[in-house]
1. Scanning the range 232-284 for residues that are touching a strand residue (DSSP E or B) at 6+ places or on another chain (Cβ under 8 Å) and among the small types (Gly, Ala, Ser), which turns out surrounded by the most Cβ atoms within 10 Å (Cβ to Cβ)?
2. Considering only the range 203-238, state which residues are of a type in the set (Gly, Ala, Ser), without any contact (Cβ under 8 Å) to a residue 40 or more places away in the chain and either within 14 Å of Tyr271 (Cβ to Cβ) or assigned to a loop (DSSP other than H, G, I, E, B) (or both).
3. Search the range 2-27 for residues being of a type in the set (Ser, Thr, Tyr) and closer than 29 Å to Tyr151 by Cα, and hand back the single one that is surrounded by the most Cβ atoms within 10 Å (Cβ to Cβ).
4. Can you give me the number of residues within the range 203-218 that are open to solvent by 20 Å² or more (accessible area, probe 1.4 Å) and modelled with pLDDT under 85?
5. Looking at the structure I just gave you, is Ile30 within 21 Å of the chain's Cα centre (by Cα), surrounded by 12 or more Cβ atoms within 10 Å (Cβ to Cβ) and among the β-branched types (Val, Ile, Thr)?
6. Scanning for something over 24 Å from Ile158 (Cβ atoms) and open to solvent by 70 Å² or more (accessible area, probe 1.4 Å), does the range 78-99 turn up at least one residue?
7. Where in the range 242-306 are there helices (runs of 4 or more DSSP H), lying fully within it, with 2 or more residues that are over 23 Å from Asp210 (Cα atoms) and in contact (Cβ under 8 Å) with a residue 12 or more places away in the chain?
8. Could you say whether any residue in the range 182-194 is closer than 22 Å to Leu79 by Cβ, open to solvent by 30 Å² or more (accessible area, probe 1.4 Å) and modelled with pLDDT of 60 or more?
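The values are calculated or read from the model by the stated rules, or taken from the named source; none is laboratory data. Note that the structure is a prediction, hence the values are computed from the model and not measured. No Cβ is skipped: glycine too gets one built from the backbone with ideal geometry, and neighbour counts run over all protein chains shown. Note: accessible area is taken over every heavy atom of the protein model, side chains too, but ligands, DNA and RNA are not part of it. Shrake-Rupley method; radii C 1.70, N 1.55, O 1.52, S 1.80 Å.
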Amino acid sequence: MDLKSQYEAYENSKRIKHIADEETAKRLSIPVGSEYTTFPPPTTKEEAFERLEKYTGLIHLDSHIRGFKTFFPINQRTLNDELKKLNQFIDKADKINVTEAFTKRGSNQLETQYFEYLKWKYDFYKNETFDNLESYFNFFPTELVFVYGKYFLYKNWIEDQIKNINPIQDTSKTENDLKVTAIGSNENPEKLENKSQYLDIIQDHLEENDFVNDGSYQNLVNALDVYFDLGVFPQPTIQIKFSRVAKIKIGWALNNIHREAKPNEALSYEYLKYAKENLSIFKEYPLEEMNFRKSNLYKMFTQKPK
């Protein structure tokens, strides 16, 4: 069973059926009395671990694998170089005092990821005394979920791929023979193999000339593709930057992409949050989850340019 089938099977096993009352029917835009399902959050520490290991962790692993396969051929050189990058992060994390990682808040995203790596590696979250949350839905911080998916699950996948490659078959590839399409190169994702169903939609609405020529266009195309397919954004490798372009043009384009890719889903907080945090032109806009539809950023996405 592939990864997507595994985490979808887990989700389906946990979903609960309901019958829509009048209020719910209005909120979901379905007829009163219709059957719908919910995916309830974990209610115990054990369920939180199960959700991470059988669902969210696998989604992040799938995202990392897809990103690698999209931009790199699988061979000894690319796999070893990817493993080298992962080990560089781990080496730096292992130099940090564990008690400091357990008790302090990271001063930036990278330090927070170092701390979360050590917390998972040395069983911080399994401590019996760490069980005082009212809700287990957010038991694991976002950074921990990312670190678990990348530096534990994805690293294991890379190591397994290296073991499975027949060195004899790979000896014909020299360093100069490896035509690696790196994130940030000028290679058009449309030319890549295993093109997804969403790429045409994304590329129809985004113009490469609107982006700074540093890989920003390719990064956003890949991020949106992964999001629409897996339901989670990959961790950004660079800040996505734009040339002189109207913000409302980009917001409207992202709205249209979402509408065509997911016609039955409304713009979500997560979608806008990704834009605010990773697209340079939207960083200045405040965004709160409780009233995000009243925000200026939401208006930037939903007002058609004149």
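1. Ser280
2. Gly215
3. Looking at residues that are of a type in the set (Ser, Thr, Tyr) and closer than 29 Å to Tyr151 by Cα, I get Tyr7.
4. So the count comes out to 2.
5. no
6. Scanning the range 78-99, I find at least one residue that is over 24 Å from Ile158 (Cβ atoms) and open to solvent by 70 Å² or more (accessible area, probe 1.4 Å), so the answer is yes.
7. 269-278
8. No, the range 182-194 has no match at all.
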